1. Quick one: how many residues across region 161-178 are open to solvent by 10 Å² or more (accessible area, probe 1.4 Å) and more than 11 Å from ASN137 (Cα to Cα)?
2. Scan region 137-160 for residues that are polar (S, T, N, Q), part of a loop (DSSP other than H, G, I, E, B) and surrounded by fewer than 18 Cβ atoms within 10 Å (Cβ to Cβ) and report the count.
3. Out of all the residues in region 206-220, which are touching a strand residue (DSSP E or B) at 6+ places or on another chain (Cβ under 9 Å) and either open to solvent by 10 Å² or more (accessible area, probe 1.4 Å) or more than 13 Å from GLN264 (Cβ to Cβ) (or both)?
4. Do you know which residues across region 113-136 are open to solvent by less than 60 Å² (accessible area, probe 1.4 Å), more than 17 Å from GLY312 (Cα to Cα) and part of a loop (DSSP other than H, G, I, E, B)?
5. Quick one: count up the residues across region 170-226 that are hydroxyl-bearing (Ser, Thr, Tyr) and under 17 Å from ALA154 (Cα atoms).
6. Report whether or not ILE238 is out of contact with any His (no Cβ under 6 Å at 6 or more places or on another chain), touching a residue at least 24 places away in the same chain (Cβ under 8 Å) and either open to solvent by 10 Å² or more (accessible area, probe 1.4 Å) or part of a strand (DSSP E or B) (or both).
7. Hey, LYS349 hits all of (1) crowded, with 17+ Cβ neighbours inside 10 Å; (2) in contact (Cβ under 8 Å) with a residue 40 or more places away in the chain; (3) within 25 Å of LEU116 (Cβ to Cβ) but one; which does it fall short on?
8. Please work out if ASP184 is under 22 Å from the mean Cα position of the chain (by Cα), open to solvent by 70 Å² or more (accessible area, probe 1.4 Å) and either farther than 27 Å from GLU236 by Cα or not β-branched (Val, Ile, Thr) (or both).
Amino acid sequence: QRQQQQQQQQLPLQLQQQPLRRLLQLPRQQQLPLQLQQQPLRRLLQLPRQQQPPPQRVGAGNKKFTNNSHKCSASSSLTSQPPVIHDDCICESATWNQNGVTVAGWNGRGSSLNQLDEPLGLFVDEDAAVYVAGTLNFRVVKWASGASSDQVIAGGNGEGNQNNQMKYATKIIIDKNGTIFICDHMNMRVQRWFKNDDHGQTIIENISCWGLTLDKEKLLYVSDWKKRRITKRPSEQITAGGNGQGSALNQLFYPCDVFLDQDQSIFVADDGNQLVVDQMGTAYVVDYGNHVVRWLKDYASDSIIISQHGAGNGTDQLSDPTDLAFDRQGNMYVVNRANRRVQMFTIDKSSCDRSMY
């Protein structure tokens with residue numbers, strides 16, 4: 001106990017006050033102190049571009065799905081969709097309306113066109129259309145801005161492993177051409193659905209995919225929580241982890257999601273949380289505590305910006321949030337698994353420098 005007290009006293013005051021589930025950000029060309037390396041494993045890692053491993057090819061191997069007991073918590077996986085944020089101009093003093101507006105779902109559990117069922121993945125396009133991966137109705141749906149019902153754009157043919165089916169889709173990414181990339185988790189594959197097609201193509205097999213994102217060159221980065229690594233496809237280059245399970249800075253424990261910022265730095269949610277990073281380098285995370293928290297660049301602590309009143313069904317509450325995204329204006333969207341809805345929280349940039357937007 002005395003040794004623990006001594007170690008605690010060595011930490012800065014801000015870090016002593018942090019909760020156990022903390023985010024770790026690896027600054028460029030800077031090593032973390034030993035105390036932080038020993039922190040619990042629910043963390044967010046940023047891997048700056050110049051610290052990524054050199055290119056290498058690794059064999060795909062024979063991956064078998066043998067353990068489904070852990071999984072990335074549905075309430076804790078990272079956003080790693082690349083949200084449409086290039087025009088967001090979100091300054092540090094920006095705030096969001098604490099009362100969200102429901103823009104999708106909120107009509108009970110089911111497969112009707114106005115319902116969601118166990119929604120996990122979320123994407124918002126440049127027209128503010130909302131795309132949601134429903135894990136238990138085995139489909140991806142699109143809610144156009146202002147619509148009262150959705151449109152099935154992938155799946156919707158029941159549970160299965162055929163090319164027009166899916167089983168527990170956890171993450172979706174949509175490129176500029178409308179092509180959808182889906183983490184079809186229980187089928188151990190990544191699928192690609194071209195716009196308006198009635199079936200998908202398996203582009204990666206035998207992978208315990210939970211999160212994925214696209215870079216500027218339209219290359220995929222995929223989190224493999226079973227092999228504790230992030231790989232870049234199609235080259236299969238390991239860009240994070242791949243050194244066994246652990247808490248060292250070159251290891252991952254259960255990488256749930258991945259995100260690239262505009263500098264191509266890699267952010268990884270390691271057993272917890274969904275993340276978005278804006279133009280100012282600020283990280284936004286949905287966490288286990290039914291909050292959205294914000295980590296300003298170079299700050300040692302976070303702040304709750306959405307849902308300060310605990311879990312619930314109120315307009316100012318979240319209930320098992322699983323993903324978040326921004327539209328071009330900086331409005332925030334959060335998908336809630338437990339009450340099956342997507343909420344939009346409008347941004348207030350009145351305190352920002354008007355020259356920014």
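1. First, the residues of region 161-178 that are open to solvent by 10 Å² or more (accessible area, probe 1.4 Å): 161-165, 167-168, 174-178.
With more than 11 Å from ASN137 (Cα to Cα) added as a condition, the list becomes 161-164, 174-178.
Matching residues across region 161-178 total 9.
2. Residues of region 137-160 polar (S, T, N, Q): 137, 145, 148-149, 151, 157.
Going one step further and asking which of them are part of a loop (DSSP other than H, G, I, E, B), we end up with 137, 145, 148-149, 157.
Those left that are additionally surrounded by fewer than 18 Cβ atoms within 10 Å (Cβ to Cβ): 145, 148-149, 157.
Final tally of qualifying residues: 4.
3. Initial filter on region 206-220 (touching a strand residue (DSSP E or B) at 6+ places or on another chain (Cβ under 9 Å)): 206-216, 219-220.
ASN206, ILE207, SER208, CYS209, TRP210, GLY211, LEU212, LEU214, ASP215, LYS216, LEU219, LEU220, listed by residue number.
4. Taking region 113-136 and keeping what is open to solvent by less than 60 Å² (accessible area, probe 1.4 Å), we get 114-125, 128-135.
Filter again for more than 17 Å from GLY312 (Cα to Cα), leaving 114-117, 120-125, 128-135.
Once the filter is applied, which keeps residues that are open to solvent by less than 60 Å² (accessible area, probe 1.4 Å), more than 17 Å from GLY312 (Cα to Cα) and part of a loop (DSSP other than H, G, I, E, B), region 113-136 yields ASN114, GLN115, ASP117, ASP125, ALA128, ALA129, THR135.
5. Going residue by residue through region 170-226, those that are hydroxyl-bearing (Ser, Thr, Tyr) are 170, 179, 202, 208, 213, 221, 223.
Going one step further and asking which of them are under 17 Å from ALA154 (Cα atoms), we end up with 170, 179, 202.
Number of matching residues: 3.
6. Values: out of contact with any His (no Cβ under 6 Å at 6 or more places or on another chain): yes; touching a residue at least 24 places away in the same chain (Cβ under 8 Å): yes; either open to solvent by 10 Å² or more (accessible area, probe 1.4 Å) or part of a strand (DSSP E or B) (or both): yes.
Here the answer is yes, as ILE238 does meet what is asked.
7. That leaves (3) as the condition not met.
8. Working: under 22 Å from the mean Cα position of the chain (by Cα): yes; open to solvent by 70 Å² or more (accessible area, probe 1.4 Å): no; either farther than 27 Å from GLU236 by Cα or not β-branched (Val, Ile, Thr) (or both): yes.
For ASP184, the condition - under 22 Å from the mean Cα position of the chain (by Cα), open to solvent by 70 Å² or more (accessible area, probe 1.4 Å) and either farther than 27 Å from GLU236 by Cα or not β-branched (Val, Ile, Thr) (or both) - is not met.
The values are calculated or read from the model by the stated rules, or taken from the named source; none is laboratory data. Keep in mind it's a predicted model, so treat the numbers as computed, not measured. Every residue, glycine among them, receives a Cβ derived from its backbone with ideal geometry; neighbour counts consider all protein chains shown. Each accessible area value is taken on the protein alone, full model and side chains, heavy atoms only, with ligands, DNA and RNA left out. Shrake-Rupley method; radii C 1.70, N 1.55, O 1.52, S 1.80 Å.
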